[in-house]
């Protein structure tokens, strides 16, 4: 795989950078700390996210790597990755990760022509927001054991159950829902995927879960006799587990985390250069220098891994891309943790201050520290990812 950018790609990258540098001057400050959480935390932030999404869609960048038959440009995967890197570097919102990055690819693979024509255009135009209806109180890492039921009643499915850790459910227009349509089947064999068209429909209740840093991104979602028309069953009934496994790969293979870590690492280096301890800048401490160098090396390893994963996905090599998506997820989550732990170590007690006159890096690292503790759980625990690497990638046996 050749990582050298062509002249056209360099020009495109500069166009991305110029756009985000200009647009993010008007962004609420919370986006500089945690883009995903900030997107959902307030009306102001969510409005800015929606505005950015429409601007990005108007330029055709949301769907540049989509097939032309679905309104995309069939652009090379490297173009999409360059866009994702620029987006992450400037801490920009404007991408509905659940609709654009997860559900839309699954719709292209598994949905009917009628569903594609109905579902994809609003996503491509940046007009809608999705959330993900997967995890339950007793079905997180063991997702296939979920209990939410979908019982056929004429032309409708009646949904009953509970979802948890549902990011952005309080803001979302729609949800892609995984529910059990055949209780007689074990685990993943009786699951189906549905497009919930209205998150404010009768019988849907959203309850907030406040994060440890005070933010509100996660929710519980309760379904009580919610009726979903059969036209919103994606693909075949009881084929939802295959769809979900494919969707997981799209969720786990992003390059953004590595660019975000690199950006934060650059800020940490500036802090180390300008902060005097024991009569000299922190950056002159050889242990600090070694750890910073190791983090920079890990960032480049992670970027290469994410590029390779996307390349394999584009070629249709799902076995390799499944393994590499899990590798990218584990490496990215644990790298973000290592950076946050190291930063708070060298900052000392001042590093625990939130935004104020005395907080280093505007309080960004304590926010990252509290956030990163759950990063090796969200989107599949590191233990689950390592199991997938062992079973799918290395062909090692399962132990019951």
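Some notes on this structure:
- MRE, 222 nm, helices only [DSSP H, n ≥ 4, -39500 (n - 2.57), over the chain, to nearest 500]: -14500 deg cm²/dmol
- Estimated inter-spin distance, residue 113 and residue 245, nm [label 7 Å along Cα→Cβ]: 2.9 nm
- Residues of the range 211-231 with amide N under 17 Å of a point placed 7 Å along Cα→Cβ from residue 155: 227-231
- When the alpha carbon gyration tensor of the chain is reduced to an equivalent ellipsoid, the three semi-axes, largest first, read 36, 23, 22 Å.
- Calculated diffusion of the range 58-189, Stokes-Einstein form, Kirkwood radius summed over Cα pairs, 4 °C and 1.567 mPa s, µm²/s: 78 µm²/s
- Modelled this way, with points 7 Å down the Cα-to-C-beta line, the labels at residue 8 and residue 138 are 5.5 nm from one another.
- Angle between the chain longest axis and helix 113-124 axis [Cα atoms, degrees, rounded to 10]: 30 degrees
- Here the simple spin-label model places points 7 Å from the Cα toward Cβ, and for residue 273 and residue 43 these points are separated by 4.3 nm.
- Fraction of the pair-distance distribution of the range 253-393 above 26 Å, Cα-Cα pairs, percent: 31 percent
- Using alpha-carbon coordinates, inclination of helix 318-347 to the longest axis of the chain, degrees: 40 degrees
- Relative contact order, percent, the range 253-393 [alpha-carbon distance under 8 Å, six or more residues apart]: 25 percent
- Cα long-axis angle, helix 43-58 against the chain (0 to 90 degrees, to the nearest 10): 80 degrees
- Computed Kirkwood radius, in angstrom, where 1/r is averaged over Cα pairs of the range 130-238: 13.9 Å
- Long-range Cα-Cα pairs in the range 7-95 (distance over 15 Å), rounded percent: 58 percent
- Theoretical FRET efficiency, 1/(1+(r/R0)^6), r = Cβ-Cβ of residue 383 and residue 69, R0 35 Å, to 0.05: 0.35
Read-outs throughout are calculated quantities, based only on the coordinates presented, and are distinct from any laboratory measurement. Quick caveat: nothing in here was measured; it's all calculated off a predicted structure. Neighbour counts are summed over all protein chains in view; Cβ atoms, including those assigned to glycine, are modelled from backbone coordinates with ideal geometry.
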